[in-house]
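The values are calculated or read from the model by the stated rules, or taken from the named source; none is laboratory data. Predicted model only: the values in this text are computed from it and were never measured. No Cβ is skipped: glycine too gets one built from the backbone with ideal geometry, and neighbour counts run over all protein chains shown. Only protein heavy atoms, including side chains, enter the accessible area calculation; ligands, DNA and RNA are left aside. Shrake-Rupley method; radii C 1.70, N 1.55, O 1.52, S 1.80 Å.
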Amino acid sequence: SFACRALESLDVGCNQLESTARCLLGVSLSAHSKLAVSDSEKVTRQSEAAQSLETAGRITRMSDPNILYHLSLENAEQRKLDTAVRYAKRLLKLEAGSNIKGWLLLARILSAQKRFMEAETVINAALDQTGKWDQGELLQTKAKLQIAQGRLKGAIETYTQLLAVLHIQRKSFGSGKKLLKVCKWFFHL
């Protein structure tokens, strides 16, 4: 309702505020669709979410990474995987591969399409672009892709790399709550 009120009160010509409000509306509708009781209500909210996000994207000429991320995610959730891949690739290009979330999103969409080798290639590219501190979720995803392909030996090697990263982080964090958080994250594979 906040996003709707913001859109109603906007003056003509303020594209940045309109795109932000439409993106917020799209993300809210998407989240709200998950709570829908009936399938028709869910589909309606998902459709409205996609329309709002697409409008936000058009206003920004698809140059806002946040909008592209949510457009890709919404299309993936609606199983429009080719469209989701297109937006995820555009997001990676726009950010020059600097955001792990974009890499993970693209890899997961490719995985949903059963394109496991391509997804693993995406993860390998992301690993090349990131430092050791940021590789945990990438390595976890890579291992899952290897398992999906029946490459258990490769998955074990990848999990070994993940454990090495966690060990380095543990030494840096010391003992305490942060280590517990890292361990909980790791064992929720």
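Quick notes
- Scope region 75-121; condition open to solvent by 80 Å² or more (accessible area, probe 1.4 Å), touching a residue at least 12 places away in the same chain (Cβ under 8 Å) and of a type in the set (S, T, N, Q); matching residues: SER98
- Among residues of region 60-72, those that are open to solvent by less than 50 Å² (accessible area, probe 1.4 Å) and in a helix (DSSP H, G or I), counted: 7
- Test result for ALA21, assigned to a helix (DSSP H, G or I) and either surrounded by 13 or more Cβ atoms within 10 Å (Cβ to Cβ) or touching a residue at least 60 places away in the same chain (Cβ under 8 Å) (or both): yes
- Of THR141, THR160, all but one fail to be open to solvent by 20 Å² or more (accessible area, probe 1.4 Å) and modelled with pLDDT of 90 or more; the exception is THR160.
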